[in-house]
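The values are calculated or read from the model by the stated rules, or taken from the named source; none is laboratory data. Everything quoted here is computed from the prediction, not taken from an experiment. Virtual Cβ from ideal backbone geometry, glycine too; neighbours counted across all protein chains shown. For accessibility, only protein heavy atoms count, side chains too; no ligands or nucleic acids. Shrake-Rupley method; radii C 1.70, N 1.55, O 1.52, S 1.80 Å.
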Amino acid sequence: MQLSDFDFDLPESLIATRPADPRSSARLLVAQGADITDGVVTDLVQWLQPGDRLVLNDTKVIPARLSGYRVRSGPEGETQARMDVTLLEPRAGGAWAALIKPLKKIREGEEIIFAAGLKGRLLSKEEGQGLVQFDLEGPDFDAALEAAGNMPLPPYIAAKRAADEKDKTDYQTVWAKNSGAVAAPTASLHFDEALLAALAARGVSFTHVTLHVGAGTFLPVKVEDVKEHKMHAEWGRVSAEAVAEIKETKAAGGRVIPVGTTALRLIESAAHATGEIAPWEGETDIFIYPGFAFQVADALMTNFHLPKSTLMMLVSALLGQEEIRQVYAHAIEEGYRFFSYGDASLLIPAA
């Protein structure tokens, strides 16, 4: 299995830089095996059946992108250098692993001053990242970060425009609850309260799990032999209540459909060790590619993914490699919008 097996040509004009408005008006491609139907996200009410269960990732994206400046005193007087900091993940003692640009312009022990009274001191450098200790913690840190930070838009959007206040709403799900992600579970961005109510009235149930999406989700695959790729790890939790709900749906003959690859990876992680889903908490680096035996997910709602990405491998594992090639060729031909702010697909494997 080679990396080139998951490549395709994508016109840059199809990369979405803003979401559909309203959220649920985005287009929806439904693939049942090799059969493809075009629609909109609100059509989920027709495609989902009473007794189906959607699994939703309730992680909350933090405004992890900060701009500040480093002050240094020397023989030539006081000098400043602009610093762009993107938080990656919390570490012990309240420190954060972070990308710092330009990392070479700051020394260990020096301080970066941000807006809203927030300051951070560089503790160390390692593997192109910095470890930053902030001067605030708990609710004070959260409030300062909310005021000073911007949403950490994916690289393919950030290259086209800067994040703004609108992204603080657009790049967050309506059910976001547990802070810790630095990237959104983007398939979930298509849901609004009206759609959730319509699905509930249809007899569709919802289960919440938490997986804090990390910046590693955007890391490219650098090996040609897919099986040699090492996945990044992300923290997640599947509660006993979530497990009971999923088992109840399975027992009643309903389908369990994760919304987004993050929810799918998490529930499959919780079932991977024993073949049966069980309460689970910890870091998962599960890598799903063709040949994977799915234990929980019966279908998947997801956006359209990057060429040669691990997420292309995941959807190929679920639907089939040839079927996914046909889905993506159709999506490109029909002008579907791609990636985080793009349109959605509902992938239902053939029985």
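Subtracting the Cα-Cα distance of Val174 and Glu283 from their residue separation scaled by 0.36 nm leaves 36.8 nm. In whole percents, the pair-distance distribution calculated for region 1-150 from its alpha-carbon pairs, binned every 10 Å from zero, is 9, 26, 21, 20, 18, 6, 1, 0.
Counting only heavy atoms of the protein chains and using a 1.4 Å probe, Asp285 has close to 70 Å² of accessible surface.
Of the residues Ala95, Ala181, Ala251, the one that moves most in a GNM of the chain with alpha-carbon contacts below 10 Å is Ala251. The local environment of Lys308, defined by Cβ-Cβ distances under 15 Å, has a net charge of -3 under the rule Lys, Arg +1 and Asp, Glu -1. Selection among Leu319, Tyr336, Leu145 by position relative to the dipole of the chain gives Leu145 as farthest towards the positive end (Cβ unit charges, Cα centre).
A straight chain from Arg82 to Leu123 at 0.36 nm per residue would run longer than the Cα-Cα distance by 12.9 nm. When the charge dipole of region 84-190 is built from unit charges on Cβ atoms (+1 for Lys and Arg, -1 for Asp and Glu) and taken about the Cα centre, the candidate among Val182, Tyr171, Ile100 whose Cα reaches farthest toward its positive end is Ile100. Here region 236-351 is described by how far its Cα atoms reach on the three principal axes: 43, 30, 27 Å, from widest to narrowest. Solvent-accessible surface of the chain, averaged per residue with a 1.4 angstrom probe and all protein chains in place: 44 square angstrom.
Calculated over region 178-239, the projected area of the Cα convex hull averaged across directions stands at 6.2 nm².
The stretch between Tyr69 and Lys222, if pulled fully straight at 0.36 nm per residue, gains 51.7 nm over its current Cα-Cα span. The helix-based estimate of mean residue ellipticity at 222 nm for the chain, built from -39,500 (n - 2.57) per DSSP H run of four or more residues and divided by its residue count, is -6500 deg cm²/dmol to the nearest 500. Toward the positive end of the charge dipole of the chain, with +1 on the Cβ of Lys and Arg and -1 on the Cβ of Asp and Glu, the farthest Cα among Leu56, Ile257, Pro155 is that of Pro155. Once C-alpha pairs closer than 8 Å and six or more residues apart are averaged by separation and normalised to the residue number of the chain, the relative contact order reads 25 percent. Counted over the chain, the DSSP beta bridges are approximately 75% antiparallel. On the basis of the beta-carbon distance and an R0 of 22 Å, Lys101 and Phe141 show a calculated FRET efficiency of 0.50.
Charged neighbours of Val40, selected by a Cβ distance under 10 Å, balance to -2 (K, R count +1; D, E count -1). Relative to the Cα centre, the charge distribution of the chain, modelled as +1 at Lys and Arg Cβ and -1 at Asp and Glu Cβ, gives a dipole magnitude of about 620 debye. For region 224-266, the dipole from Cβ point charges (+1 on Lys and Arg, -1 on Asp and Glu) about the Cα centre works out to 160 debye, to the nearest 20.
For the chain, what percent of Cα pairs sit more than 36 Å apart? Percentage above 36 Å: 22.
The Cα-based radius of gyration and maximum Cα-Cα distance (Dmax) for region 104-198 are 16.5, 55 Å. Considering the chain as a Gaussian network with a 10 Å cut-off on Cα pairs, which listed residue, Ala293, Ala263, Ala31, attains the greatest mean-square fluctuation? Among Ala293, Ala263, Ala31, the largest mean-square fluctuation in the Gaussian network model of the chain belongs to Ala293. What the Cβ-Cβ distance of Ile113 and Glu165 gives, at R0 = 30 Å and to the nearest 0.05, is a FRET efficiency of 0.85. Can you tell me which aspartates and glutamates have their Cα less than 20 Å from the Cα of Lys247? Leave out same-chain residues fewer than eight positions away. Counting by Cα, and skipping residues close in sequence, Lys247 has these aspartates and glutamates nearby: Asp52, Asp58, Glu268, Glu276, Glu281, Asp298.
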